[in-house]
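What follows draws every value from the coordinates through simple rules; no lab data is involved. On a predicted model such as this, the values are computed, not experimentally measured, just so you know. Here the Cβ is made from the backbone with ideal geometry for all residues, glycine too, and neighbour counts use every protein chain on show.
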Amino acid sequence: MAQVEGLICLKYLDESGFCMWSPVSYTYVLKGEQKHLEQTARRGRRLSILALWEPLVSFEYGLAIGSFTSETFIKMMNWEAERAQWRLIDSGQLTVVVLDNSSLHTSQQVQAKWSQWQEKGLYFFFLPKYCSEMNPIEPEWHQLKTHELAGRMFEDEYDLALAVMDGVEARGHRGGYSTERFKFNSA
């Protein structure tokens, strides 16, 4: 209700991951032939994505090889807190981020930052445990994986990252929302 009345900006946060060998959801082959999918010589490391999605408005994300840490999460939330502060000054809107109870989101390092972020207008709303299906960003991951990357193989993590960035841009273009990538090493 507060979002509808323009009192808050509501965003959904989650992480997901990508491998250099994307699963094939379905395929066609000629009758009598067996499906064959060429694979790269090495499997590579997982590419992780951390994103904030404001439906129909924006998709802000960061990429990392391997897993995110409390430090990388804090860097991205500091960035979001700066944006929240400008939103609060410009429109009086608070920014509320809906997220799960991952240990990444609730670590002691992260909890120590909550009051600082709240002063800037950034608040967290935690979903009940084991209810990731309640987060509307989940279908975005599904769409990205099944429509942008399905059945593709990548030589290295760099090529995979480029494909994920292209996929995010394509989803944003089709969905009519902006996309922006947070660069962890430049913050």
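Can you pull the Rg over Rh of the stretch 70-152, Cα-only, Kirkwood?
Numbers: Rg = 15.0 Å, Rh = 14.3 Å.
When Rh is taken as the Kirkwood radius, the ratio is 1.05.
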| task | Specify the longest stretch of the chain that does not include any exposed loop site, a site being one of the GluC sites (Glu not before Pro) with a non-H, G, I, E, B DSSP assignment and at most 14 other Cβ atoms within 10 Å. | result | 39-154
| remark: The helix 157-175 Cα axis meets the longest alpha-carbon principal axis of the chain at an angle in degrees, between 0 and 90 and rounded to 10, of 70 degrees
| said: So for the chain, averaging the separation of alpha carbon pairs under 8 Å that are six or more residues apart and normalising by length, what relative contact order in percent results? | reply: 32 percent
| Per 5 Å bin, what percent of the C-alpha pairs of the chain does each bin hold, from zero upward? | 1, 7, 14, 18, 19, 15, 10, 6, 4, 2, 1, 1, 0, 0
